[in-house]
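*Asks:* Mind looking over this structure? Questions follow.
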Amino acid sequence: MNKKSHNKKKQKRRGRNDGRNKENIIEGGCEASQATEAEGEAKPKKELSYEIKHSDVMGRYIVATKALKAGEVIIEEPALAVGPCSGCAIICLGCYRELDEANLTKCAGCKWPLCSSSCFGLGRYTGHSVYECDTLKAVPPDYNGIEDLKDSYQALMPLRCLLLEKADPDKWAALSAMEAHNSVRRARGDIFPVNDRNVVQRLKKWGLDYDDEEIHTVCGILEVNAFEVGGTGANARALYDAAFLLAHDCTPSTTHTDAERAPARTLTVRAAIPHEPGDLISLCYAYTLQGTLRRREHLKLSKFFECACKRCSDPTELGTYASAFCCPRCGARVLSSAPLIATAPWRCERCPYEMLATAVQVLIKRLTEEFEQIDANDVLGYENFLTKYRNVLQESHYLCLSAKHSLSQLYGKVTEYMIHEMPEEKLHRKVEICRDLMKVFDVIEPGYSRLRGITLYELHAPLMVLTTRDFEKKAITKDNLRNRLKEIVSYLSQSALILAFEPRHTPEGLMAGAAADALRKIKTWEQIIGKIS
């Protein structure tokens, strides 16, 4: 499923150092952490708040068996297996941090890359386990062929799964019960050859005796069921025993976090919104901040099904108009005439104007490529994109939302745009951007979602600066001041509550702490204006 964390900022592309010799390689090892290998097993099981159902369309899925409050834990379980994402850079096999190719640490046992000899992932089954180290001793990496080393990472996560058959039969049994969709994947004609080249043949080259079909099945299980996990600078994928049963919906009803440093890499799934008994418990297998065409294309290509959820079925995307264009004739919205049919024409709501589906695809591709060329910290670049295409894209189009999402976090935090130095015009711009985002996030990621928590925090900051400046200029009455502070307290309280569920060391966890600190500081205003709330 590759259920994704939706708040990751776009990063600049890194250059590839083809075939460069590597020096300054330091020795490290697994032995010091062997004691952690069996740590972090599951907590005693409590009564489940869900039950497993089955349908011909959805397969297995889960529904609530009792009323669930927003924020309530639904699933909390250790990983079955964790490993590198396909197509990753050179990363530490213990913690999945990307490494400087010119300054690597080698595992003392197998010589594969690590971040240090004291990495917290050494000896853990969720990192570089002892049994993986023993297996890789026979195939030490060639640091003179860095591109081949990168390619070899694609075989590591499948290998970790296969090693469980002997190392941990219970985890292997749970993993083997997952759907691989081999018949669908084989019929596609593109997936099996790639896995054969990158995984099957690689494992054979390493002298490992696994059946080809078994390897392909493991690859399928990963493609269909794996979660992307990890915080800033560390990305991996993991399999979980119950969470893989969560159904897909493009407006998910849950949010999830993984305990990156916990020995068993525990995944916690919480209700983002209240549930009643019988309600579907869902998450989104795609990126919610995309339009229907892109989401459905991703789901069909990588998850092997065509989504027909309420959002995908509605040309307006539940009133968000996240895929809408501007009509070049009358300026009204241009929408798909049948969003579940990729070849359907797009039509103006007001006049006879029509676009062929092929023209829409070409336009989206061109605009996306231009958008992705913008540097991740380029405030003017994002603003210029919005201005340039204001007569092409509706203001809530997902590409505009993506630009605004970046701007909401850049305004107030980058050089020349620090929050206390920004002129009122820019502060009001940040407020406008955050409010635009919230209108959409309240629909596509309702409740206790990470996107909403972050945006609420970003919204409070310019409001607080504007309020403080107005107070200092004596341009605001006590009643107006009290009302403004109530609004800010509301945003901060929601943000702190939502983001408090994130691991403390993550950017979101740190933001939760900052929100709580800001709330405490606002309380000092009560000495001037009386009780705020």
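The values are calculated or read from the model by the stated rules, or taken from the named source; none is laboratory data. All figures in this text were calculated on a predicted structure; none of them were measured in a lab. With ideal geometry, Cβ positions are generated from the backbone for all residues, glycine too; neighbour counts draw on all protein chains shown. In case anyone asks, the SASA skips ligands and DNA or RNA and just uses the protein heavy atoms, side chains included. Shrake-Rupley method; radii C 1.70, N 1.55, O 1.52, S 1.80 Å.
*Asks:* Criterion first (surrounded by fewer than 19 Cβ atoms within 10 Å (Cβ to Cβ) and at pLDDT 95 or above) does residue 492 satisfy it? Before the answer, list the steps.
*Replies:* On the way: surrounded by fewer than 19 Cβ atoms within 10 Å (Cβ to Cβ): no; at pLDDT 95 or above: yes.
So residue 492 does not fit the description; no.
*Asks:* Taking the stated definitions as given, is residue 512 in contact with a helix residue (DSSP H, G or I) (Cβ under 8 Å, 6 or more places away or on another chain), crowded, with 18+ Cβ neighbours inside 10 Å, within 25 Å of residue 229 (Cβ to Cβ) and not polar (S, T, N, Q)?
*Replies:* Values: in contact with a helix residue (DSSP H, G or I) (Cβ under 8 Å, 6 or more places away or on another chain): yes; crowded, with 18+ Cβ neighbours inside 10 Å: yes; within 25 Å of residue 229 (Cβ to Cβ): yes; not polar (S, T, N, Q): yes.
It is true that residue 512 is in contact with a helix residue (DSSP H, G or I) (Cβ under 8 Å, 6 or more places away or on another chain), crowded, with 18+ Cβ neighbours inside 10 Å, within 25 Å of residue 229 (Cβ to Cβ) and not polar (S, T, N, Q).
*Asks:* I've got another one for you. Return a yes/no flag: does region 245-254 have any residue that is farther than 17 Å from residue 283 by Cβ, open to solvent by less than 20 Å² (accessible area, probe 1.4 Å) and outside any loop (DSSP other than H, G, I, E, B). Break it down stepwise before answering.
*Replies:* As a first pass, look at region 245-254 and keep what is farther than 17 Å from residue 283 by Cβ: none.
No, that holds for no residue.
*Asks:* Another question, if that's okay. Is at least one residue of region 418-436 over 19 Å from residue 522 (Cβ atoms), without any contact (Cβ under 8 Å) to a residue 12 or more places away in the chain and either of a type in the set (A, V, I, L, M) or crowded, with 17+ Cβ neighbours inside 10 Å (or both)?
*Replies:* yes
*Asks:* Take the conditions open to solvent by less than 20 Å² (accessible area, probe 1.4 Å), touching a residue at least 12 places away in the same chain (Cβ under 8 Å), within 30 Å of residue 456 (Cα to Cα) and among the hydrophobic types (A, V, I, L, M, F, W, C) and apply them to residue 348. Does it pass? I'd like the intermediate steps shown before the answer.
*Replies:* Numbers: open to solvent by less than 20 Å² (accessible area, probe 1.4 Å): yes; touching a residue at least 12 places away in the same chain (Cβ under 8 Å): yes; within 30 Å of residue 456 (Cα to Cα): no; among the hydrophobic types (A, V, I, L, M, F, W, C): yes.
So residue 348 fails the test.
*Asks:* Residues of region 401-415 being charged (D, E, K, R) and either touching a residue at least 12 places away in the same chain (Cβ under 8 Å) or open to solvent by less than 70 Å² (accessible area, probe 1.4 Å) (or both), which ones? Can you show your working first?
*Replies:* Initially, region 401-415 is screened for residues charged (D, E, K, R), giving 404, 413.
Selection gives 404 alone.
*Asks:* Looking only at region 494-520, count how many residues are closer than 14 Å to residue 461 by Cβ and either touching a Leu at 6+ places or on another chain (Cβ under 8 Å) or part of a loop (DSSP other than H, G, I, E, B) (or both).
*Replies:* The qualifying residues number 6.
*Asks:* Enumerate the pairs (first residue in region 196-209 and under 18 Å from residue 83 (Cα atoms); second residue anywhere and assigned to a helix (DSSP H, G or I) and open to solvent by 40 Å² or more (accessible area, probe 1.4 Å)) with beta-carbon separation below 9 Å, excluding pairs fewer than 6 apart on the same chain, so at least 6 apart or on different chains.
*Replies:* 198/151; 200/212; 202/151
*Asks:* Counting only residues that are surrounded by 22 or more Cβ atoms within 10 Å (Cβ to Cβ) and of a type in the set (D, E, K, R), which one in region 152-203 is nearest to the chain's Cα centre (by Cα)?
*Replies:* 160
*Asks:* Something else: Hey, does region 303-317 have a residue that's crowded, with 20+ Cβ neighbours inside 10 Å, acidic (Asp, Glu) and under 30 Å from residue 127 (Cα atoms)?
*Replies:* no
*Asks:* Give me a count of the residues in region 455-467 that are in contact with a His (Cβ under 9 Å, 6 or more places away or on another chain) and closer than 13 Å to residue 499 by Cβ. Show your work before the answer.
*Replies:* Of the residues in region 455-467, the ones in contact with a His (Cβ under 9 Å, 6 or more places away or on another chain) are 455, 462, 465-466.
Checking the rest, the ones that are also closer than 13 Å to residue 499 by Cβ come to 455.
Residues flagged as in contact with a His (Cβ under 9 Å, 6 or more places away or on another chain) and closer than 13 Å to residue 499 by Cβ within region 455-467 amount to 1.
*Asks:* Would you tally the residues in region 439-481 being open to solvent by less than 10 Å² (accessible area, probe 1.4 Å) and more than 19 Å from residue 408 (Cα to Cα)?
*Replies:* The total comes to 1.
*Asks:* Applying the selection to region 106-116, what residues are open to solvent by less than 10 Å² (accessible area, probe 1.4 Å) and in contact with a Gly (Cβ under 8 Å, 6 or more places away or on another chain)? Even if it seems obvious, please write down each step before you answer.
*Replies:* To start, the set of residues in region 106-116 that are open to solvent by less than 10 Å² (accessible area, probe 1.4 Å) comprises 107, 110, 112-114.
The answer is 107, 114.
*Asks:* Give the residue, chosen from 96, 50, that is aromatic (Phe, Trp, Tyr) and either loosely packed, with under 15 Cβ neighbours inside 10 Å or closer than 28 Å to residue 306 by Cα (or both). Walk me through it before giving the result.
*Replies:* Values: 96 fails: either loosely packed, with under 15 Cβ neighbours inside 10 Å or closer than 28 Å to residue 306 by Cα (or both).
Checking each option against the conditions leaves just 50.
*Asks:* For the subset of region 58-82 comprising residues that are modelled with pLDDT of 95 or more and either on the phi > 0 side of the Ramachandran plot or of a type in the set (Lys, Arg) (or both), which member is least open to solvent (accessible area, probe 1.4 Å)?
*Replies:* 71
*Asks:* What number of residues within region 100-120 are without any contact (Cβ under 8 Å) to a residue 40 or more places away in the chain and either touching a strand residue (DSSP E or B) at 6+ places or on another chain (Cβ under 6 Å) or basic (Lys, Arg) (or both)?
*Replies:* Here the count works out to 2.
*Asks:* Residue 372 versus (1) surrounded by fewer than 16 Cβ atoms within 10 Å (Cβ to Cβ); (2) over 22 Å from the mean Cα position of the chain (by Cα); (3) in contact (Cβ under 8 Å) with a residue 24 or more places away in the chain: which is the lone unmet condition?
*Replies:* Condition (2) is where residue 372 drops out.
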